[in-house]
1. Does residue 446 fit the bill of being surrounded by fewer than 22 Cβ atoms within 10 Å (Cβ to Cβ) and among the hydrophobic types (A, V, I, L, M, F, W, C)?
2. Return the residues of region 349-365 that are of a type outside the set (S, T, N, Q), part of a loop (DSSP other than H, G, I, E, B) and farther than 20 Å from residue 30 by Cα; say none if nothing qualifies.
3. Restricting attention to region 299-321, which residues are in a strand (DSSP E or B) and either touching a Ser or Thr at 6+ places or on another chain (Cβ under 6 Å) or surrounded by fewer than 24 Cβ atoms within 10 Å (Cβ to Cβ) (or both)?
4. Taking the conditions exactly as written (in the same structural domain as residue 231 (by TED's automatic domain parsing) and under 14 Å from the mean Cα position of the chain (by Cα)), does residue 416 satisfy them or not?
5. Please count how many residues of region 175-207 are of a type outside the set (S, T, N, Q), farther than 16 Å from residue 93 by Cα and part of a strand (DSSP E or B).
6. So, in region 104-114, exactly how many residues are touching a Lys or Arg at 6+ places or on another chain (Cβ under 8 Å) and not in a loop (DSSP other than H, G, I, E, B)?
7. Mind checking which residues of region 499-518 are modelled with pLDDT under 80 and touching a Leu at 6+ places or on another chain (Cβ under 8 Å)?
Amino acid sequence: MSAKTFAAAGLLAVLAAALVAQPFPVRLYGGSGSEECHAMVEGADMGFCLAGWTKSYGPPGSSNILVVKTDPLGYPLWARVSIGEADEEARAMTATMDQCYAVAGWTRSYGMGIPNSNIFIMKLDGGGNMLWGRVYGGFQDDQAFSIVQTRDSGYALTGLTHSFGPAPMPNIFVLKLDKQGIFQWMRAYWIAPTHVVDEGYSIVQTPDMGYAVCGRANALGPVLHSPFLLKLDPMGLIQWVYVSGANYSDEAYSVAVDLAGDILVAGRTLSFGTAPGTFHDMFVAKFTVPGMSMWSQTYGWSTGDEEVWDDRSLTGTQDGGSCVCGPTTSVGPGIPSPNFMVLKLDPLGMPMWCRSHPSSYDPGFQSDVPLPMVELAAGGYAVAGWTDSYTHLLGASDFMLSTFDFAGNRPVCAEPQDPLVMEMPWFESLMKDTFCMPEFDTIFVVPVDVLLDSICYEDTTGIGEQGAVPGTNGFAVRAQGRGIELTLDRPTVVEIRLFTPAGRQAWQAGRTEYAAGRHEIRLPVDIAKGAYIVSLSARGRQAFTKLVRF
């Protein structure tokens with residue numbers, strides 16, 4: 001498929017195209033350089049908002065924050081990029097109660113500690129307009145990896161700090177802000193007594209108005225990392241801590257709350273599972289809010305790594321169970337390069353289904369790495385991350401968005417898998433904490449255009465991009481005045497159809513051969529006023545655009 005430029009300010013949602021395009025899209029977003037998506041939420045409009053970093057847009061020579069908002073089919077509506085001269089990355093995002101988006105991460109362009117990194121949080125409205133941007137930190141490296149909106153409409157963030165708490169660094173931090181992003185409190189935490197490296201990777205608010213934080217710490221000695229689950233009260237004071245681990249390093253990356261109000265934590269282990277000391281297995285464990293361990297399981301195969309790497313790779317599901325995603329090097333095309341793995345669990349942690357993605361239908365032979373995941377309001381799942389398997393379409397690595405139905409299926413590119421399940425122990429531990437007072441600064445983003453392409457669609461359905469400049473497909477279609485503008489790079493047999501927003505076909509032009517060049521196709525005068533989806537079929541592919549008849 002050709003990559004077409006989408007104007008951030010000029011795109012319209014093509015909702016009715018779901019009836020003529022794939023219902024479970026897989027989209028790639030990026031540019032000529034590298035991009036990685038580390039955060040995703042579902043919007044109030046049932047579209048998606050993705051965030052991460054880019055080296056295609058913004059000032060050259062550094063990574064920049066990239067936020068992309070799409071419609072429910074994954075077509076971009078707008079995009080924003082940061083303009084700092086040094087590296088900065090978005091690592092987390094939350095949808096807010098007022099239908100906006102709060103994005104967090106780190107920047108080396110703003111704050112007291114530059115060129116060391118500082119924590120940032122920014123709020124964008126549903127149209128991509130920046131409402132405010134805040135930067136917090138000290139004079140050393142401080143980075144945020146997770147954010148949650150709290151019940152008082154404020155925000156809580158976690159990550160690592162080299163500026164606060166005792167040496168050796170880093171320490172875990174939790175930062176609480178009000179609804180305008182203004183500082184309320186911040187605390188640093190470290191494991192006791194074997195404090196060496198302590199980092200927070202994910203945070204959620206718990207039913208008792210407190211917080212659960214997970215990450216990694218040197219709980220078993222100065223060399224090996226251990227996953228931890230830390231429970232805090234509403235003011236950030238420690239209530240209890242659990243850790244796991246044995247002979248190798250293990251890490252926790254994602255924490256969630258399930259339908260029953262219990263705490264779930266996920267990560268990767270080399271100490272337990274199918275091949276200790278050789279390959280990682282992903283794990284999920286469940287605890288009550290008062291601190292009782294309920295169950296803990298590992299999932300994987302003895303032939304490769306199954307891991308969890310993102311603060312929102314784990315989610316509680318509407319049926320009372322949970323779902324977790326992460327990269328696998330055991331199954332799927334191109335192994336030992338990673339593929340997406342999505343695993344659905346029942347309330348007791350037993351697998352209900354597991355899928356790898358993509359597949360031999362449209363294989364990715366390089367890295368396809370899933371990071372954030374959401375259960376969709378209408379049912380099903382969306383998983384985002386990055387891929388460098390399709391560099392012939394856009395650039396180096398790109399944002400990747402994949403969608404699945406409630407059972408993990410999609411028309412193509414999802415293969416059933418059956419991981420082995422084993423137990424993993426946890427035990428109580430101790431942490432200490434101290435109050436922190438960070439410095440303050442501001443941060444900005446600006447509009448940008450991004451490129452789009454699609455993979456893993458059925459040839460009988462096809463998918464295309466809007467625009468009027470033919471690319472590798474050699475054709476394009478767009479609304480032009482009272483008709484349709486068709487552009488071809490060579491003589492082509494074309495079929496054009498018009499659909500109403502309800503999906504009913506309103507008009508069809510028979511299969512006609514057009515010469516190379518631009519053609520203006522007039523619509524019949526009896527076509528009623530209103531909005532329509534234009535579908536163009538040619539060379540076994542399709543392209544779509546929106547037309548409004550006045």
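1. So residue 446 passes the test.
2. 349, 350, 361, listed by residue number.
3. Selection gives 300, 306, 314, 315, 316.
4. Taking the combined requirement at face value, the residue does not satisfy it.
5. Going through region 175-207 one residue at a time, the tally reaches 11.
6. Matching residues across region 104-114 total 3.
7. 499, 501, 503, 505
Residues checked against (1) touching a Gly at 6+ places or on another chain (Cβ under 7 Å); (2) at positive phi:
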position	(1), (2)
238	no, no
248	yes, no
261	no, yes
266	no, no
271	yes, no
281	yes, no
292	no, no
303	no, no
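The values are calculated or read from the model by the stated rules, or taken from the named source; none is laboratory data. Being a predicted model, the structure only gives us computed values, none of them experimental. Don't worry about glycine lacking a Cβ; one is built from the backbone with ideal geometry, like all the others, and counts go over all protein chains shown.
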